[in-house]
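Taking it in order: structure first as structure tokens, then the write-up.
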Amino acid sequence: MKFLKNSYKIIIFLVFIFITLVLINKFLTNNSEKSTMSSYSLEEKDYKVNLDGDNHTETLKVSKTSKGFNLILIDKDKEISLGSLDNDEFLVDTLDFSSINILNLSRNSKNQILITGVKNNNNVTYLFGYLENELKLIYKDDINVVYLKDYNSNKSPQFITFHFYNNVTPFNSYYLINDNFYDVTKTNLTKFNFNSLYELINIISLDYDLESVPDIFDSSTDSNEISPLWKLDKDSYSYTFQNAIIKDDSFSYNQSLETVEAYLNFSKKNKTNNSVSSLKLKVILKKNIDDNFKVLSLNTFKK
């Protein structure tokens, strides 16, 4: 009997250890998942999203108004105007230079919508999402750069915003945790080591001699990877930076940031007839030995 009693205790102990290991593994797996992000040029069409976390798809409809463009969220029999959450009937003046991004900053089942564009001829950035089961305008400002720091790591993503001036600029930093949007802005200025990205924006925007481009490219970059730069027609067009979304792309085995992905929007103005179109560039930057990031590839994109 004593043997059976001890065997029973051993079995109970082993079952307990097994369940504990399963729970730990599940916890680590859930917390190491990388967030996915879908980025698109804003077009006059419908987008399928899931913002409230109920596993039922909602429709996000882009609609034209007398002043510009608005977004309507259609969920079953309910319609919510995103413009009305900002006490207005529209969000952006034009679809040019605008982007819509479906992302998850909270690491839970609820997604958010990040919209960048121009409103009343000024830059504008919106972040919409469900807080306490109600769709809300979480963030709005006239900044033109959003940096999603740690978005593809197992850390909580930081939502960092600033204006493009140079590589030392005031910034604001936030966390979205469950139903709370926390302002964790530091009082000091910061440097993101993205000098090459700033230089690239200046090369495109300013009257640069492309024969004397600064040292902004990674040593492994092939000429084909930067061909859009040589295809710029500055005799016929002027290029003006509008906005950018930057996010961490890949990490090394010890979670050190290795590559960064940036989506840049420029207006492209015809010098002859003043017509305006958009130039959209996707840039990959790679960290070099001195912890600065150099341009690894540069491509135009439409999505």
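The values are calculated or read from the model by the stated rules, or taken from the named source; none is laboratory data. All of these numbers come straight from a predicted model, not from anything done at the bench. Note that we place each Cβ from the backbone using ideal geometry, even for glycine, and neighbour counts take in every protein chain shown. Only protein heavy atoms, including side chains, enter the accessible area calculation; ligands, DNA and RNA are left aside. Shrake-Rupley method; radii C 1.70, N 1.55, O 1.52, S 1.80 Å.
Working only within region 91-107, note down all residues that are farther than 22 Å from LYS61 by Cβ, modelled with pLDDT under 90 and either among the small types (Gly, Ala, Ser) or open to solvent by less than 30 Å² (accessible area, probe 1.4 Å) (or both). Answer for region 91-107, where residues must be farther than 22 Å from LYS61 by Cβ, modelled with pLDDT under 90 and either among the small types (Gly, Ala, Ser) or open to solvent by less than 30 Å² (accessible area, probe 1.4 Å) (or both): just SER106. Among the residues of region 33-80, those that are among the basic types (Lys, Arg), assigned to a strand (DSSP E or B) and modelled with pLDDT under 90 comprise LYS48, LYS78. Among strands (runs of 3 or more DSSP E) entirely within region 108-212, having at least 3 residues that are in contact (Cβ under 8 Å) with a residue 60 or more places away in the chain, farther than 29 Å from SER66 by Cβ and open to solvent by less than 30 Å² (accessible area, probe 1.4 Å) singles out 145-149.
In region 215-231 there is no residue that is over 24 Å from ILE289 (Cα atoms), crowded, with 17+ Cβ neighbours inside 10 Å and touching a Phe, Trp or Tyr at 6+ places or on another chain (Cβ under 7 Å). Remark: pairs (first residue in region 235-258, surrounded by 18 or more Cβ atoms within 10 Å (Cβ to Cβ); second residue among the basic types (Lys, Arg); Cβ separation under 6 Å; 6+ apart in sequence or on different chains) = TYR237/LYS268; TYR239/LYS268.
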